[in-house]
Structure formats: structure tokens, C-alpha cells
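The values are calculated or read from the model by the stated rules, or taken from the named source; none is laboratory data. Given the structure is predicted, the values throughout are model-derived calculations rather than measurements. Virtual Cβ from ideal backbone geometry, glycine too; neighbours counted across all protein chains shown. Only protein heavy atoms, including side chains, enter the accessible area calculation; ligands, DNA and RNA are left aside. Shrake-Rupley method; radii C 1.70, N 1.55, O 1.52, S 1.80 Å.
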Amino acid sequence: MREQDGFPAGPLDAVEPPSVEENHVAQWRQAVGRRSFLKSMGVAGAVAVPGSALLASRAKAASRAITGGDVAILRFLAAAELIEADLWQQYDELGGVNGGNPAYMAALTNIDGDMPTYVHLNNNDEQSHAAFLNAYLKSKGAEPVNLDAFRTLPSSKATGAKQIGRLTSLTALDVDTSWYTRYRSGQNPDFGAHFPQAFTIRKQPAIPISDADTPPNMDAPLPPTTPAQSRMQVIACTAAFHFGYIEQGGSSLYSTLAEKVTSLEVLRIVSSIGPAEAMHFATWQDDAGNAANAPVAPVTDPVTGLTIPNLHADPRGALVQTNLIFPTPCEFITSHLPHCAIVRPTLDRNGGAVATIKSFTADRLFEGQSARFFTTVMELARKADAAGRRTG
Ligand SMILES: [Fe+2]
Ligand SMILES: [Fe+2]
């Protein structure tokens, strides 16, 4: 069995199945039959060949084409995945299972022994999403998305980080933790509900900024015994909540944009990648619960003053209970219907493309980016939100 990057791959991996459109064209050709097809067109014999070739090539071109709306959706998703891939790459370089920063990896391991492995796998997945979406766009004759001109932000200076330009910054995040209470609530933001923060994270690094944060050979006892160990643990716990924030956003984004797709094949893509985001989210829900629970929490960063609280002991009870990691049933479609366990939000204004970029911006993920970057990604986002499902 072939192994790639340590993961087994099945023998059918290289077989590319025909697209839905290709299947339809093939079935149509089979049903009509070449002879009756030529007859119905009033042509026969040798003179028919160029005409049938032309029609065949038109049919092939039609099978390749997707609507402008579908292209806009896929182009925005490709941009969003490039952004995700950029941030996950940074986490992976420092804290992934093959990462280069032992102190950060040890603090992540305190939250979940498998956390460095999950970080690495999440990064792999994001790289695959970005590469697939761009390759698919190209295969349909559409322009792929390239954000390389915006890889201008500095890397962490901590041991393990490559010194290359980045799209995103992870060193002073305002992590919105309202996703944590939203998914534990019976209310839905699409019905106008607002949700409190689990706790407030302002201008907090989610990766070590430099080796001042990662003294050589620093271990990670619980509870931490030195100020540097406490800071590193809070940085790792902040990352756990940031992971959940990013992946719940991806889950809502794909569900929201799926409603606008026209082509069945594009719907298949959007509705197959989206649940992968939700799988990531579910895992990070669990690890966020571990990060804000004994024996890891409470813990305070002596530099920023952020305290990761023990939410298990929080008087708000179920709203922040750490093991409630599945989506609590909530209002859906109309308040007259029974509550339903769902991804939420899924309305444009809350979970769409523009809402996603606005949320990432409020997260300070793009701190230091150029005005042209914002113009570029917002233009892609507006076009995706404006896409509409074509039924005719
Ligand atoms: Fe993704
Ligand atoms: Fe993701």
C-alpha cells in the first residue's frame, strides 16, 4: 500500500471518476445513438463527420462549463482556503507533530496528547482544500486564485518558524469566543440572537512570538512553575480557542454558500469540503473544553494578563460546560418548528463570504495587511455572496 506523508492511500486514489455532467452527456449519447443522431440532423456519411465532431466538442465544452456564480463561489472559497492554509501552516511549523518548537508542542500536548498530530492533519487538509479548489477552477477554464503578492506579513521569530512572508498574523489576536456559547445555546444567530463570550481574548498571541517566549529546554509542568511556562500555556490555550473559531467559521461558510450553487458537481464539492471543516471544528470544540478546564486552567499570562478560566467551574453552567461539544438543538427555519441540531449561522449576513472576511478582520488575523489585500478579498467575497442558484 502506498503511503504519502505517513498516511495510507487506497489503490483507487489515482482513478478520477467522471463528473456528473460528463455522465449526463455520456448517457444522452447512449440513448440517442450515433446513427439516429446524424439522421435527425439531416446529414449522413463523410460530410457528417466534421459536424458531429463540432457538436461533440461543443458538448464537451458545455460539460466543462460552470456558471459565473459557481466560479465566484469557488474563487472565494479558494481564497478562504489559502488564508486558512497560511495560518494553519504557521501553527504546524511550530506546534504540529513534526513541528520545530518543543515548548509550544509540550503546552499543546498538555491540552490533548494528540493535539500536535491534529494540528498537522488540519494543516494538511487546508492545503488540500486550497490546491483542489484552484485546480478544479483551472480544469473548468476559470481563473484560479493567487494571493502570493500579499504574503508580506512577518513570521514568528521563535525557533521552528520559517522566515517567509505570511498572509495572516497570529501574534495579537482578538479571538471571538462567542462560538463556544452559541453552539451550547438553543438560540440561532440567524434569528437575531447574540451570544456572550466564553471569556475575552484581546491582542493575545496564539503562537510564540520569539524565543523570549520559548526558553531552550523549557518543559511544561501542570500547573506551570515559572512565568514563562504560564505564558506558553496561555498561548497554547488561546490557539485551542482560535482553532475552534476558525473551523466553525469554515463550517458555516460552506453551508451558507452551498445554497447558492447551480452545478451538481460544484454542490458536491462544496457539500463535501464543508463537513470536513465541521469535523475539524468538533475536534477543536473538545480541545477548547480541555484548554479551559483543570488541570490546565486556570492559568494566567504574566505578559498580557489574560487568564484562561476553568469553565467547568463557571456559574453559567451549561452555556459554557466543557463537554457539551455537539451542537445543541436550536431554532431553525422558523420558530414554529422543533429545535434542530445544526451548523449555524447559515444566512449570508452571518455566515456568508463578506461576513467571514469581516470576522477574520475583527480577529486581527490580517493585522498589517495592505489596503489592496482587503479590496481584493472583499471583492471576491461580494461576488460569492451575490451568486444565485440558477434553476433554468
Ligand atoms: Fe478548509
Ligand atoms: Fe478549515
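With A355, A318 as the choices, which residue is in a helix (DSSP H, G or I) and over 23 Å from the mean Cα position of the chain (by Cα)? Walk me through how you get there before you give the answer.
Details: A355 fails: over 23 Å from the mean Cα position of the chain (by Cα).
Going through A355, A318 in turn, the sole match is A318.
Going by what's in this entry, would V266 be described as over 28 Å from I201 (Cβ atoms) and open to solvent by less than 20 Å² (accessible area, probe 1.4 Å)?
Working: over 28 Å from I201 (Cβ atoms): yes; open to solvent by less than 20 Å² (accessible area, probe 1.4 Å): yes.
So V266 fits the description; yes.
Residue-by-condition table, conditions (1) among the hydroxyl-bearing types (S, T, Y); (2) over 20 Å from D70 (Cβ atoms); (3) open to solvent by 20 Å² or more (accessible area, probe 1.4 Å); (4) more than 16 Å from ligand 1 (Cβ to nearest atom):
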{"site": "Q204", "(1), (2), (3), (4)": "no, yes, no, yes"}
{"site": "A212", "(1), (2), (3), (4)": "no, yes, yes, yes"}
{"site": "P216", "(1), (2), (3), (4)": "no, yes, yes, yes"}
{"site": "P223", "(1), (2), (3), (4)": "no, yes, yes, yes"}
{"site": "F241", "(1), (2), (3), (4)": "no, yes, no, yes"}
{"site": "S251", "(1), (2), (3), (4)": "yes, yes, no, no"}
{"site": "T256", "(1), (2), (3), (4)": "yes, no, no, no"}
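Pick from the stretch 115-146 the residues that are over 17 Å from the mean Cα position of the chain (by Cα) and hydrophobic (A, V, I, L, M, F, W, C): which of them is nearest to ligand 2 (Cβ to nearest atom)?
M115
May I ask you to list the residues in the stretch 125-158 that are touching a helix residue (DSSP H, G or I) at 6+ places or on another chain (Cβ under 7 Å), open to solvent by 30 Å² or more (accessible area, probe 1.4 Å) and within 13 Å of ligand 1 (Cβ to nearest atom)?
The answer is D125, Q127.
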